[in-house]
Amino acid sequence: MTDKELAQRSNHYRQNILKYIVKAGAGHTGGSLSCIDILNVLYNHTLNVSPENFRSPDRDRYIQSKGHCVEALFVVLADKGFFPESDLNTLCRYRSHYIGHPTRKVNGVEQNTGALGHGLPIAAGTALAAKMDKKAYRVFTLMGDGELPEGSNWEAALTAAHYKLDNLCAIIDKNTLQISGPTADVCNTDPIDEKFKSFGWAVTHVDGHDLQALQTTFDRLPFEKGKPSLVIAHTVKGKGISYMENVLSWHHGVPNQEQYALALQELGETVL
Amino acid sequence: MASVVVESKPGAKPNLEVFSATLQELATTDRDIVVVTSDSRGSGKLVPFGKKFPEQIVEIGIAEQNLVGVAAGLASAGKKTFAVSPACFLTARALEQIKNDVAYSDNPVKLIGISAGVSYGALGSTHHSLHDFAALRAINNLIVAAPADNFETEEAIRQAAAMTHPIYLRFGKKNMPLLTTDPNNGFRFGKGRVISRGPDLAFIATGETVQPALEAAATLRAEHGIEATVISMHTIKPLDTTLLREVAAETAAIITVEEHSVYGGLGEACASYLLQYGYGKPFRIVGIPDEYTVTGSQNEIFNHYGISGEGLTTTALDLLGK
Ligand SMILES: [Mg+2]
């Protein structure tokens with residue numbers, strides 16, 4: 001995919017995130033917009049996963065630890081052909097499989113998530129299985145910066161380094177906000193890089209909205225042989241919609257019709 | 001009162017040792033068998049397994065939430081994963097991982113709660129697991145079982161290894177004589193085993209408490225002419241309701257016995273089913289009352305709360321008005 005095509009994909013995904021959140025009347029808007037460029041690059045450039053190979057034991061795995069930003073995952077999976085996009089019209093509706101967190105009832109979803117601090121241990125176990133079976137697949141997990149105080153993350157960080165899981169890549173969507181306020185005020189976890197380095201990880205920073213930089217970053221995996229990799233992606237919560245950017249209330253705010261129209265106007269036309 | 005003690009048959013081992021031996025045997029021919037431990041290989045009798053199959057044991061260290069999360073990841077990638085940790089920590093510390101990563105995501109982890117119930121005796125409440133049946137019964141997509149003797153343990157491990165859905169098994173540490181040598185009395189999850197039959201009373205027991213129930217049945221028969229049914233209800237969930245209906249129809253009273261809080265375990269599971277089924281005969285739940293247990297060994301704690309041949313005999317006579 002060319003850089004231009006990739007950029008158009010991001011725009012398309014942002015439009016769809018808003019479209020289906022507005023339709024459902026619910027969703028995690030700000031966080032979905034902060035992580036969507038990462039998901040775009042993962043699914044359109046980095047991951048060896050598709051509807052065709054999803055049952056293959058050799059596929060790459062993506063486990064979304066920050067499950068609440070499911071809208072970002074669903075619009076990408078629909079675009080990749082895991083299910084018809086029209087399914088998303090049922091998002092959060094009575095009896096729909098498309099609930100407000102990832103579930104394996106939806107084709108393309110690896111693990112049921114939603115409770116925070118669960119993605120990294122599962123990803124570490126899956127990466128460990130790859131090592132045991134001498135398989136080449138890689139395991140990715142996307143975490144929010146707000147979920148880092150969960151102790152299970154640090155337990156798994158130890159395990160990943162102990163077992164030299166260089167086929168594991170954790171990505172932190174560092175949008176610096178969480179539901180109650182700035183992450184630095186709620187429970188400061190900085191410096192995240194130094195903490196993970198001291199746990200035995202190889203760490204890289206990247207602009208989480210720079211599609212080229214994200215591609216080159218993931219192309220360099222593993223950052224160091226014998227070490228798990230951490231990508232700290234610096235992002236903006238609500239990215240792409242001026243009145244949402246860095247505004248706390250858009251954590252799970254749903255645009256009204258007027259706001260939705262304004263958002264679409266700001267995003268402009270997508271040429272796929 | 002004198003009580004008849006069922007003689008310990010030679011060769012009776014702790015169920016935990018049988019668990020470990022069976023797992024070693026399975027691992028010999030199946031490289032996908034993986035054991036995950038939280039600094040618990042000693043208490044899980046898994047040191048020989050670790051020596052023989054160093055590539056098939058994953059040490060996590062003391063971190064039970066991570067133990068279960070990692071086990072879920074291993075199982076999702078096709079490993080026949082046994083997550084082994086003391087029942088007290090496994091089913092409390094890692095309850096959310098059991099609920100979400102194992103049961104909800106349907107990763108076929110075999111959760112093994114070792115030194116369950118009051119096996120740790122005088123180590124006290126932090127080390128007792130008297131809540132695990134209650135907590136895990138309320139979680140969807142999880143089989144909950146407590147094999148009683150060495151035979152049930154070996155069968156449970158073999159069948160669990162082949163299962164494609166999650167299961168929780170709990171084991172204790174004391175020597176468990178065989179409940180029966182009848183080769184036709186097989187083991188299947190969800191199907192209680194009838195060890196003896198009698199019309200006057202039924203003991204429905206689970207795990208290490210089936211043995212004292214058998215002792216009570218022997219005393220009742222020898223000294224009071226009371227013929228009791230004894231059932232090893234190894235699977236707490238799904239409960240064998242077919243057998244429950246049969247017992248309800250054929251016996252005059254029911255006593256449930258478990259190494260668990262009287263709240264939320266086997267007894268309340270049976271009571272709930274039987275009440276809704278229309279059962280109206282005498283019924284009693286024997287287990288650990290809602291208190292921090294008296295200090296003592298497992299045997300002393302069992303005796304204190306009447307989970308013994310003598311205690312269950314007294315309860316039975318009382319329930320039958322004799
Ligand atoms: Mg955040």
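The values are calculated or read from the model by the stated rules, or taken from the named source; none is laboratory data. Here the structure is a predicted model, which is why all the values come from computation and not from measurement. We place every Cβ from the backbone using ideal geometry, glycine too, and count neighbours over all the protein chains shown. In case anyone asks, the SASA skips ligands and DNA or RNA and just uses the protein heavy atoms, side chains included. Shrake-Rupley method; radii C 1.70, N 1.55, O 1.52, S 1.80 Å.
Annotations for the structure displayed:
- Three-way shape label, chain A, alpha-carbon gyration tensor, a/c 1.5: prolate
- Sparse-neighbourhood loop sites, chymotrypsin sites (Phe, Trp or Tyr not before Pro) in the range A:239-272 - DSSP loop, at most 14 other Cβ within 10 angstrom: A:Tyr243
- Between helix B:309-319 and chain B there is an angle of about 50 degrees, using the helix long axis and the longest principal axis of the Cα atoms.
- For the range A:69-150, the square roots of the Cα gyration tensor eigenvalues, ordered a ≥ b ≥ c, give a/c of at least 1.5 with a/b no greater than b/c, which places it in the oblate category.
- Derived scalar couplings between HN and Hα for the range B:33-44 equal 5, 10, 10, 10, 10, 10, 6, 10, 5, x, 5, x Hz in order, rounded to whole Hz, by the Karplus curve 6.51 cos²θ - 1.76 cosθ + 1.60 (θ = phi - 60°), x for Gly and Pro.
- For A:His97, solvent-accessible area (1.4 Å; no DNA, RNA or ligand), Å²: 90 Å²
- Gyration tensor (alpha-carbon) shape descriptor, the range A:170-244, a/c threshold 1.5: oblate
- Interface burial in the range A:94-142, defined as at least 30 Å² less accessible area with all protein chains than with the chain alone at a 1.4 Å probe, covers A:Arg104, A:Gln111, A:Asn112, A:Ala115, A:His118, A:Pro121, A:Ile122, A:Gly125, A:Leu128, A:Ala129, A:Met132, A:Asp133.
- Placing a pseudo-label 7 Å from each Cα along the Cα-to-Cβ vector at B:Lys191 and A:Cys187 gives an inter-label distance of 4.8 nm.
- Accessible area buried by the pairing of A and B, both sides summed with a 1.4 Å probe, works out to roughly 2000 Å².
- Angle in degrees between helix A:3-24 and the longest Cα principal axis of chain A, rounded to the nearest 10: 60 degrees
- Accessible area of the range A:3-267 belonging to carbon and sulfur atoms, whole % at 1.4 Å probe: 51 percent
- GNM top mover of B:Glu258, B:Glu154, B:Glu208 - chain B, alpha-carbon springs below 10 Å: B:Glu154
- Simple label model, 7 Å out from Cα along Cβ direction - A:His205 to B:Thr241, nm: 6.0 nm
- Amide H contacts of B:His260: B:Ile288, each under 5 Å away and 5 or more positions distant or on a separate chain (H built 1.01 Å from N in the peptide plane; Pro and chain starts excluded).
- On a per residue basis, chain B carries 37 Å² of accessible surface, using protein heavy atoms and a 1.4 Å probe.
- Local charge for A:Trp250 was computed over the other residues whose Cβ lies under 12 Å away, with Lys and Arg +1 and Asp and Glu -1, and equals +1.
- With K and R counted +1 and D and E -1, the other residues having a Cβ less than 15 Å from that of B:Leu142 yield a net charge of +1.
- Given R0 = 35 Å, the distance between the Cβ atoms of A:Lys134 and B:Ala138 translates into a calculated FRET efficiency of 0.30.
- Among the chymotrypsin sites (Phe, Trp or Tyr not before Pro) found in the range A:1-57, those both in a DSSP coil and sparsely packed, with 15 or fewer other Cβ atoms within 10 Å of their Cβ, are A:Phe54.
- Pairwise FRET efficiency - B:Ser297 versus A:Glu224, Cβ, R0 = 56 Å, nearest 0.05: 0.60
- Treating each Cα of the range A:20-127 as one equal point scatterer and applying the Debye formula with no solvent, the log10 of I(q)/I(0) at q = 0.11 Å⁻¹ comes out as -0.31.
- Hydrodynamic estimate: the Kirkwood radius of the range B:13-176 over Cα pairs, inserted into Stokes-Einstein at 10 °C and 1.306 mPa s, corresponds to D of 105 µm²/s.
- Neighbourhood net charge (13 Å Cβ-Cβ; Lys/Arg +1, Asp/Glu -1) for B:Phe133: -1
- Between helix B:210-224 and chain B there is an angle of about 10 degrees, using the helix long axis and the longest principal axis of the Cα atoms.
- Computed FRET value (nearest 0.05) for B:Ala12 with B:Tyr273, which takes r as the C-beta separation and R₀ as 30 Å: 0.40
- Kirkwood hydrodynamic radius computed over the protein assembly as shown comes to 25.9 Å, based on all pairs of distinct alpha carbons.
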